[in-house]
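**Student:** Structure in structure tokens, see below.
The values are calculated or read from the model by the stated rules, or taken from the named source; none is laboratory data. Remember, predicted model here, so these are calculated numbers, not experimental data. For neighbour counting, all protein chains shown are included, and Cβ atoms are generated from backbone atoms with ideal geometry for every residue, glycine included. Only protein heavy atoms, including side chains, enter the accessible area calculation; ligands, DNA and RNA are left aside. Shrake-Rupley method; radii C 1.70, N 1.55, O 1.52, S 1.80 Å.
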Amino acid sequence: MTEFLSVNGVSRRFRGLVAVDKVSFSVNQGEIFAVIGPNGAGKTTLFNMIAGVAPPDEGTISFRGARTDGMSADAVCRLGIGRTFQIVRPFPTLSVEDNVLVGALLHRTDMSAARRHARDVLAKLDLFDKRTVAAAALTLPDRKRLEVARALATDPKLLLLDEVMAGLVPTEIDRMVEILRSINREMSVTILLIEHVMRAVMALAGRVLVLHHGTKIAQGTPEEVVRDPTVIKSYLGAEVAF
Amino acid sequence: MTALWGAMNTRARILLGVLVVMLLAAPLALDRYFLSVLTLILYFVYVGQAWNLMMGYAGQLSLGHALYVGVGGYVAAALWVHYGIGPWLGVVPAIAIAAAFGAAIGWLGFRFGIEGVYFALLTIAFAEFTRIGFDHIPFVGGAGGLFIPYEQDRIGEWWNLRGGQHLFYYLAFLLAAVGVLITALLSRARLGFQWLAIREDETAARALGIDVFRAKMKAVLISSGMTAVGGVFYAFYNNSLFPTQIFNISRSIELILAPIVGGIGTVFGPVVGAFVLTPLGEVLIALTEWLGIDLPGVKAVFYGLTLMIIITLVPTGVWPWIARRLDLVKNEP
Ligand SMILES: Nc1ncnc2c1ncn2[C@@H]1O[C@H](COP(=O)(O)OP(=O)(O)OP(=O)(O)O)[C@@H](O)[C@H]1O
Ligand SMILES: [Mg+2]
């Protein structure tokens with residue numbers, strides 16, 4: 001059986017700085033896999049390499065048997081990897097629905113079918129009532145939801161979520177956890193997420209990878225990882241509440 | 001088509017219907033002069049629409065669209081003058097060659113990441129080089145210009161665009177109508193939404209699987225090809241072509257004013273813009289003559305001031321403002 005997503009020894013350097021240093025891991029089909037680590041650990045850089053934004057300086061990435069390192073971002077998306085941006089990038093003057101429609105049109109040529117799909121996705125993300133509003137008018141939590149909706153509309157097999165909980169209040173986090181779980185289970189979308197909110201990581205992830213200064217310092221179930229002495233020392237510290 | 005009609009509310013439908021009927025009946029009521037002004041308006045609706053697709057929808061600023069008008073006009077005129085090939089046939093190579101110019105500009109710009117203002121400079125450079133080039137092509141008359149002869153026995157050959165004001169008026173009407181229809185259809189199609197996404201945020205568009213280079217190339221090909229048809233019309237309407245005039249940057253600017261004033265990225269913006277600006281230009285000419293002001297550039301100054309006032313008052317264009325005022329937009333998509 002070929003692996004779903006496998007990342008083998010990837011590195012990325014920015015001038016002198018090694019942002020990601022020989023990181024390897026693999027994600028199984030159907031699971032929710034989390035990447036955690038302190039600010040500047042290299043999480044987004046790792047994501048960008050998987051999403052085809054920038055090729056790794058070394059190492060390889062393959063998705064369902066096909067090498068994807070060196071592919072362009074749009075080609076990676078067409079293969080079935082959807083991604084959100086940590087710093088949200090909505091299409092500001094387009095309506096919320098049209099934002100999602102752009103994603104829905106990736107694998108649909110019929111406009112009314114695409115609209116229907118976009119509305120279904122909007123309903124899933126609790127954005128249906130705001131569908132006629134311009135994206136620029138949304139609040140940050142809604143923009144985060146829009147990021148997820150837009151990526152989900154492309155019918156991904158793997159969804160890369162970069163800190164979609166940041167800026168949400170606890171009740172909103174719980175709701176997002178619920179939504180992501182249903183996307184994972186009911187729509188059978190594999191999820192790879194970067195998250196600082198440990199409450200969400202503990203609730204969602206089957207496995208967790210911890211990144212620190214660009215290197216992988218631990219991997220395991222959430223329970224294993226939070227008890228790991230190196231993780232506690234370098235990242236979680238004493239003050240993290242669960 | 002039915003979807004387009006369905007997207008309009010009753011009030012908008014009635015207004016559009018009245019406008020179409022009035023334009024169709026205009027030759028019955030208007031004299032030669034007014035009909036020529038209306039022809040000019042409809043011509044600017046058409047070429048403005050072509051430019052609007054590229055800038056208003058795909059977000060790529062071209063300041064060299066006179067290039068496509070000129071190339072289209074010259075190709076069809078040369079084929080007619082030298083080989084007797086009529087414009088209905090000549091329009092095909094005219095489109096192809098203008099689109100080839102568009103493809104060259106697009107390829108250079110989009111492949112090598114020449115964006116925004118720099119892309120605009122590239123489009124100006126191409127138009128200028130072509131202007132200088134045409135000055136030195138004896139086949140098309142060089143700097144001395146290319147003339148389509150006035151042949152008495154050919155008058156009435158409407159299929160060769162040898163006819164009077166009525167012929168050209170209805171042809172301009174057809175062009176404008178087709179231009180509006182193409183924009184309306186594309187803006188509701190998959191390609192239109194890909195363009196909007198690229199205009200708004202290229203990185204995000206790419207992340208949604210859009211091949212940005214391809215979509216932009218389609219925009220420049222469609223826009224340049226459409227503009228070339230306007231050039232063919234222009235050539236046979238005026239019967240003379242001069243490189244210094246037709247490829248002039250002022251022609252490129254003139255062509256983009258209607259969509260800007262009317263509202264770029266909208267279907268009816270270029271229509272409203274052309275109906276506001278062209279008569280305004282005519283009024284200014286008449287006014288300066290009447291006042292006896294004979295200073296060079298006085299019309300340009302007036303024109304510029306008026307533009308500044310309009311753009312300051314309604315920055316997103318006159319059409320979105322009218323549409324809101326008259327309640328012509330359906331809120332429910
Ligand atoms: N385009 C870039 N050019 C130069 N340095 C960069 C670039 N992108 C990231 N870096 C650097 O690489 C390191 C890793 O950044 P990255 O954004 O991947 O971290 P992160 O784990 O996502 O952090 P955060 O939790 O703050 O989002 C940081 O030191 C950052 O400053
Ligand atoms: Mg990050």
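**Student:** Using a Förster distance of 30 angstrom, determine the FRET efficiency expected from the C-beta separation of A:Ala66 and A:Ala123, and round it to 0.05. Let's see the in-between values first.
**Tutor:** Working: r = 33 Å, r/R0 = 1.09.
Calculated value: 0.40.
**Student:** Suppose R0 equals 56 Å; then what is the FRET efficiency for B:Arg154 and B:Ile249 from their Cβ-Cβ distance, rounded to the nearest 0.05?
**Tutor:** 0.95
**Student:** In whole percent, how big is the carbon plus sulfur part of the accessible area of region A:15-70, probe 1.4 Å, protein atoms only?
**Tutor:** Of the solvent-accessible surface of region A:15-70, carbon and sulfur hold 44 percent.
**Student:** Under 5 Å between amide H atoms, partner at least 5 residues away or on a different chain: which partners does A:Val20 have, H built in plane at 1.01 Å?
**Tutor:** Close amide H contacts, sequence-distant or interchain: A:Arg12.
**Student:** How large is the helix-only mean residue ellipticity at 222 nm for chain A, computed as the sum of -39500 (n - 2.57) over DSSP H runs with n ≥ 4, divided by its residue count, in deg cm²/dmol to the nearest 500?
**Tutor:** Roughly -10000 deg cm²/dmol at 222 nm, from the helical runs in chain A.
**Student:** Step through the residues of region A:5-16 one at a time and calculate ³J(HN,Hα) from phi using the Karplus curve (6.51 cos²θ - 1.76 cosθ + 1.60, θ = phi - 60°), rounding each to whole Hz and writing x for Gly and Pro.
**Tutor:** Couplings: 10, 10, 10, 10, x, 7, 9, 8, 10, 10, 6, x Hz.
**Student:** For region A:3-239, which semi-axes, largest first and in whole Å, follow from the square roots of 5 times the eigenvalues of its Cα gyration tensor?
**Tutor:** Semi-axis lengths for region A:3-239 are 29, 21, 16 Å.
**Student:** Enumerate the whole-percent occupancy of each 20 Å bin, from 0 to the last occupied one, for all C-alpha pair distances of the protein assembly as shown.
**Tutor:** Spelled out per bin, shortest first, that is 19, 43, 26, 11, 1.
**Student:** Partner chain Cβ atoms within 10 Å, averaged over the residues of B:187-194 - can you pull that number for me?
**Tutor:** Average per residue, whole number: 4.
**Student:** Name the long-range amide H neighbours of A:Arg83: under 5 Å, sequence gap of 5 or more, or other chain; modelled H, no Pro or chain starts.
**Tutor:** Under 5 Å from the amide H of A:Arg83: A:Leu160.
**Student:** Given contacts defined as C-alpha pairs under 8 Å and at least six residues apart, what's the relative contact order of region B:227-322, whole-number percent?
**Tutor:** Answer for region B:227-322 is 27 percent.
**Student:** Return the single residue from A:Ala203, A:Ala73, A:Ala135 with maximal mean-square fluctuation; model: Gaussian network over chain A, springs between Cα atoms under 10 Å.
**Tutor:** A:Ala203
**Student:** Which listed residue (A:Cys77, A:Leu193, A:Val88) has the Cα farthest towards the positive end of the charge dipole for region A:3-239, taking +1 on Lys and Arg C-beta and -1 on Asp and Glu C-beta about the Cα centre?
**Tutor:** A:Cys77
**Student:** What is the dipole size for chain B, taken about its Cα centre, with +1 at each Lys and Arg Cβ and -1 at each Asp and Glu Cβ, in debye to the nearest 20?
**Tutor:** My answer is approximately 780 debye.
**Student:** In square nanometres, what is one fourth of the surface area of the convex hull spanned by the alpha carbons of region B:215-333?
**Tutor:** 10.4
**Student:** I want the local charge near A:Val10. Using Cβ-Cβ distances under 10 Å, sum +1 for each Lys or Arg and -1 for each Asp or Glu among the other residues.
**Tutor:** Taking every Cβ under 10 Å from that of A:Val10, the sum is -2.
**Student:** Tell me, what HN-Hα J-couplings in whole Hz come from the Karplus equation 6.51 cos²θ - 1.76 cosθ + 1.60 at θ = phi - 60° for each residue of region A:69-82, using x for Gly and Pro?
**Tutor:** Ordered by residue, 3J(HN,Hα) equals 5, x, 6, 6, 4, 5, 5, 4, 5, 5, 6, x, 10, x Hz.
**Student:** B:Thr288 to B:Asp211: FRET efficiency via 1/(1 + (r/R0)^6), r the Cβ-Cβ distance, R0 35 Å, to the nearest 0.05?
**Tutor:** Efficiency, rounded to the nearest 0.05: 0.10.
**Student:** For region B:2-326, what mean projected area does the convex hull of the alpha carbons give, in nm²? Before the final figure, lay out each step's value.
**Tutor:** Values: hull surface 72.7 nm².
Orientation-averaged projected area of the Cα hull: 18.2 nm².
**Student:** Same structure again: With springs connecting C-alpha atoms under 10 Å apart, model chain A as a Gaussian network and identify which of A:Thr44, A:Thr60, A:Thr93 has the largest mean-square fluctuation.
**Tutor:** Most flexible of the set in this elastic network: A:Thr93.
**Student:** Can you tell me the length gained on complete extension of the stretch B:His166 to B:Trp107, counting 0.36 nm per residue apart and subtracting the Cα distance?
**Tutor:** That pair, B:His166 and B:Trp107, stretches by 17.2 nm at full extension.
**Student:** Tell me, what is the Rg over Rh of region B:144-258, with Rh the Kirkwood radius over Cα pairs?
**Tutor:** Here Rg/Rh amounts to 1.10.
**Student:** Counting only GluC sites (Glu not before Pro) that sit in a DSSP loop (anything but H, G, I, E, B) with at most 13 other Cβ atoms within 10 Å, what is the longest stretch of chain B containing none of them?
**Tutor:** Working: sites that count: B:Glu151, B:Glu157.
Result, exposed sites excluded: B:158-333.
**Student:** Right, something else. Probe radius 1.4 Å, ligands and nucleic acids left out: can you give me the accessible area buried at the A-B interface, summed over both chains, in Å² to the nearest hundred?
**Tutor:** In total, chains A and B hide about 2000 Å² from solvent.
**Student:** Which number do you get for Rg(Cα) / (2.2 N^0.38 Å) in region B:9-99?
**Tutor:** Relative to the rule-of-thumb radius for its length, region B:9-99 sits at 1.40.
**Student:** Another question about this same structure. Given a cut-off of under 8 Å on Cα pairs at least six residues apart, what relative contact order in percent is computed for chain B?
**Tutor:** 31 percent.
**Student:** What is the sum of charges, Lys and Arg at +1 and Asp and Glu at -1, for the other residues whose Cβ falls under 11 Å from the Cβ of A:Asn48?
**Tutor:** Cβ neighbours under 11 Å give a net charge of +2.
**Student:** Report ³J(HN,Hα) in whole Hz for each residue of region A:224-233, in order, from the Karplus equation J = 6.51 cos²θ - 1.76 cosθ + 1.60 where θ = phi - 60°; Gly and Pro get x.
**Tutor:** 4, 5, 6, 8, 5, x, 5, 5, 4, 5
**Student:** Now a separate question. Sticking with the crude label model, points 7 Å out along Cα→Cβ, report the distance from B:Ala25 to A:His196 in nm, one decimal please.
**Tutor:** In this crude label model, B:Ala25 to A:His196 measures out at 6.7 nm.
**Student:** What is the spin-label model distance, in nm, from A:Ala75 to B:Asn9 if the labels are put 7 Å beyond Cα along the C-beta direction?
**Tutor:** Simple spin-label model gives 4.8 nm for this pair.
**Student:** Still on this structure, I have one more. With label points built 7 Å along Cα→Cβ from the Cα atoms of B:Asp327 and A:Ser188, find their separation and express it in nm.
**Tutor:** 5.1
**Student:** Compute the accessible area per residue over the protein assembly as shown, keeping the other protein chains in place, probe 1.4 Å, unit Å².
**Tutor:** So the protein assembly as shown comes to 44 Å² accessible per residue, rounded to a whole number.
**Student:** Another question, then. Can you list residues from other chains, or at least 5 along the same chain, whose modelled amide H is less than 5 Å from the amide H of A:Val35?
**Tutor:** Sorted by chain and number, the residues that satisfy this are A:Leu193, A:Ile194, A:Glu195, A:Leu209.
**Student:** Which residues belonging to region A:67-97 lose at least 40 Å² of 1.4 Å-probe accessible area when the assembly is complete, relative to their chain isolated?
**Tutor:** A:Asp74, A:Phe85, A:Arg89, A:Phe91, A:Leu94
**Student:** Here are some pairs, A:Lys124/A:Lys157; A:Lys43/A:Lys157; A:Lys144/A:Lys233; B:Lys216/B:Lys299; A:Lys124/A:Lys233; which of them have Cα atoms lying more than 27 Å apart in this structure? The partial results should precede the final answer.
**Tutor:** On the way: A:Lys124/A:Lys157 17 Å; A:Lys43/A:Lys157 21 Å; A:Lys144/A:Lys233 31 Å; B:Lys216/B:Lys299 36 Å; A:Lys124/A:Lys233 39 Å.
Flagged as over cut-off: A:Lys144/A:Lys233; B:Lys216/B:Lys299; A:Lys124/A:Lys233.
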